[in-house]
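Trainee: Please see the structure below; I have some questions.
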Amino acid sequence: MSVFLIVTVLLTAATLLCILPPLLRQGRGRANGASPQQVNLAVLRAQMKELEIDRQNGTLPQAAHRAALRELERRVAEETQANPAPRAMPPQRWTALLLALLLPLGAAALYFQVGRPVAALPAVPPPTVVEQGHADDGGPDMNALVQGLAERLRHQPEDSDGWRMLARSYTALGRYREAAQAYSRLNTLQPNDADTLADYADALASAEDGKLAGQPERLIARALAIDPKHVKALALSGSAAFARADFAAAVRQWQALLPFVPPDSPFAESTRAGIATAQARLDGGPAQSNAARGRPASAPALSGTVRLAPGVQGVRPDDTLFIYARAAEGPRQPIAILRRQASDLPFDFTLDDSLAMQGGTPLSAHARVIVTARISRSGKAMPQAGDLEGDSAPLVPSAQGVQLEIGRRVAAAPPPHN
């Protein structure tokens with residue numbers, strides 16, 4: 001049970017403990033407890049005793065004592081005549097029973113009607129070690145939880161926060177086409193939101209192997225027209241310019257975002273490395289770009305071993321094995337990629353600048369990367385339902401001895417949401 005549910009149960013129980021006991025002991029409390037009239041009379045009697053003690057001690061003259069005593073006697077007479085004793089009220093057992101049943105049920109019904117139950121689900125922590133996702137590990141089915149959110153949005157299509165959550169959930173699961181559809185709906189609800197436009201462009205590009213040309217680039221331009229200092233839009237604009245060999249524009253856009261990010265952050269380091277690469281290609285011209293396709297002697301290499309997780313079944317020897325690195329921050333398109341067959345497992349791999357995607361930044365230009373290994377029955381580069389994959393934690397591009405296990409199965413995508 002999540003912390004949210006535990007706190008909710010405890011708060012409901014505390015509320016009932018405050019409400020029910022007075023109702024259940026109402027009659028007994030009136031019969032046995034002191035009424036306001038009785039309390040006042042007791043106070044007056046105590047004052048009479050104090051007057052008598054003061055008279056006996058000589059601190060109160062006889063005339064003053066008699067006057068004060070007459071005043072107290074008058075007040076006693078008023079109390080006994082003006083305030084008849086209240087009748088004892090019977091216990092309100094039926095009222096208490098109805099409240100005990102209706103209060104928790106009503107609170108739950110109201111929350112599920114106007115609240116966001118998916119927000120009570122435990123968040124998935126960021127990976128800190130090599131992930132070993134197994135197809136049947138008994139953990140929570142995040143795809144089913146996301147599907148539940150999608151079903152709720154069918155009935156609440158104007159919930160912009162829900163669409164944003166759904167789009168980001170699809171992105172986290174690597175279901176970029178569904179993420180793009182969710183961002184499209186969000187863009188309809190919030191047409192002039194720079195965050196939505198930049199995320200929409202990123203999802204579209206990720207669904208097309210990182211290609212930013214076309215609609216993604218137009219969305220990026222719209223985001224920058226709304227907010228010229230938008231960090232993600234500037235980063236994507238620089239990547240799009242680099243991909244079309246407009247290195248001057250890439251340098252300009254990436255330099256423009258640096259004042260808005262922490263200077264010692266991995267994102268800033270990766271951006272400065274990209275600027276250096278773009279500037280080198282700009283200074284060196286076509287020959288430099290061609291030479292960059294080879295592996296320089298000083299370029300870092302990332303190496304490790306990939307294997308199947310224990311108990312994984314249904315892998316054929318001729319299934320395609322993809323091993324690729326992508327930036328830990330920013331666009332998710334592969335930076336460097338290897339293609340082998342499942343029959344090669346376990347496989348010792350090496351990724352370096354010589355395996356960089358055409359028109360992309362080299363592996364050495366990034367501060368941190370994530371390595372993914374995936375077995376594809378269809379042979380397609382984009383993840384398909386039924387594929388098996390595994391990821392690493394964020395790594396430096398010179399990491400050695402990386403251990404990857406393939407065992408997490410890619411879930412089937414639901415029907416598109418309009």
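Trainee: Just the residues that are under 15 Å from residue 349 (Cα atoms) and either without any contact (Cβ under 8 Å) to a residue 60 or more places away in the chain or not in a loop (DSSP other than H, G, I, E, B) (or both), please, taken from the stretch 396-410.
Mentor: 402, 403, 404, 405, 406, listed by residue number.
Trainee: Hey, could you check the stretch 339-392 for residues that are assigned to a loop (DSSP other than H, G, I, E, B) and surrounded by 23 or more Cβ atoms within 10 Å (Cβ to Cβ) and say which is nearest to the chain's Cα centre (by Cα)?
Mentor: 392
Trainee: With respect to residue 198, is the statement that it is surrounded by fewer than 16 Cβ atoms within 10 Å (Cβ to Cβ), of a type in the set (A, V, I, L, M), assigned by TED's automatic domain parsing to the domain that holds residue 172 and not in a loop (DSSP other than H, G, I, E, B) true?
Mentor: In short, no.
The values are calculated or read from the model by the stated rules, or taken from the named source; none is laboratory data. Keep in mind it's a predicted model, so treat the numbers as computed, not measured. Cβ atoms come from the backbone with ideal geometry, glycine included; neighbour counts cover every protein chain shown.
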